[in-house]
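Notes follow the structure.
The values are calculated or read from the model by the stated rules, or taken from the named source; none is laboratory data. What you see is a predicted model, and the numbers here were worked out from it, not measured in a lab. Using ideal geometry, Cβ is built from the backbone for each residue, glycine included, and neighbour counts are taken over all protein chains shown. Calculation scope for accessible area: heavy atoms of the full protein, side chains included, ligands and nucleic acids excluded. Shrake-Rupley method; radii C 1.70, N 1.55, O 1.52, S 1.80 Å.
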Amino acid sequence: VYSRMFQVHMQMPMLLNEGLADLLRNSQGAHIVALSDIYVERPLADRAMYCSTKAGLEVLTKSYAKKLAPLVRCNVLQLGPVEFPVSHSEEYRLQVSRETLLAAGPGFWPVIQAMDFLSANAFITGAVIKVDGGRAVNCKLWKARYFGNRTNTIYDGQMIAEFGFPEA
């Protein structure tokens, strides 16, 4: 399973970027947009393979932003609950909707709008933009859902105990 996720999320984008690099450099305003997931910053234990390969895609895209600049821009969209798969139960959809600041499951239109925004602004490269209805910043619900009743705090994407702080 992991090798397939690696192929889809990292190897194929790398092969496409390398194979099309000259064509992209010779195109006016070329732009690569990678689609990632908000769970890259707060990975789920039962989705480690998925989250790690999406994180790799983000690093890969930022690396190509450096490699292909200034002729090609490369950015990442971190998607949240824009569209629910048919396999998700109604109960799950309601739970996610309650945990998202804006209406969850609006369809792919917000993703298209974000791509249009990136395409229209020639001064953005190497950026990661969330398209998640505010789900990622709703830390209180993330804490309650994923850390239970333990008294831990989120600090810069890291969980720390109430008596400890990350080392400087």
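Of the set (1) open to solvent by less than 80 Å² (accessible area, probe 1.4 Å); (2) assigned to a loop (DSSP other than H, G, I, E, B); (3) within 17 Å of R73 (Cβ to Cβ), all apply to F123 but (1). When H9, H88 are screened for being assigned to a loop (DSSP other than H, G, I, E, B) and over 22 Å from F117 (Cα atoms), only H88 passes.
With respect to being under 25 Å from Q113 (Cα atoms), touching a residue at least 12 places away in the same chain (Cβ under 8 Å) and either touching a Pro at 6+ places or on another chain (Cβ under 7 Å) or hydroxyl-bearing (S, T, Y) (or both), A55 falls outside the description. The set of residues in the stretch 17-76 being β-branched (V, I, T) and either open to solvent by 80 Å² or more (accessible area, probe 1.4 Å) or farther than 19 Å from R135 by Cα (or both) consists of I32, V33, T53, V59, T61, V72.
Number of residues in the stretch 77-108 that are loosely packed, with under 11 Cβ neighbours inside 10 Å and under 17 Å from the mean Cα position of the chain (by Cα): the value is 1. Filtered by the rule that a residue be outside any loop (DSSP other than H, G, I, E, B) and touching a residue at least 40 places away in the same chain (Cβ under 8 Å), the stretch 130-143 gives K130, V131, L141, W142. Close contacts from the stretch 104-129, counting a first residue that is of a type outside the set (F, W, Y) and modelled with pLDDT under 95 and a second that is part of a helix (DSSP H, G or I) and open to solvent by 30 Å² or more (accessible area, probe 1.4 Å), with Cβ to Cβ under 6 Å and a gap of 6+ residues or different chains, come to A104/S97.
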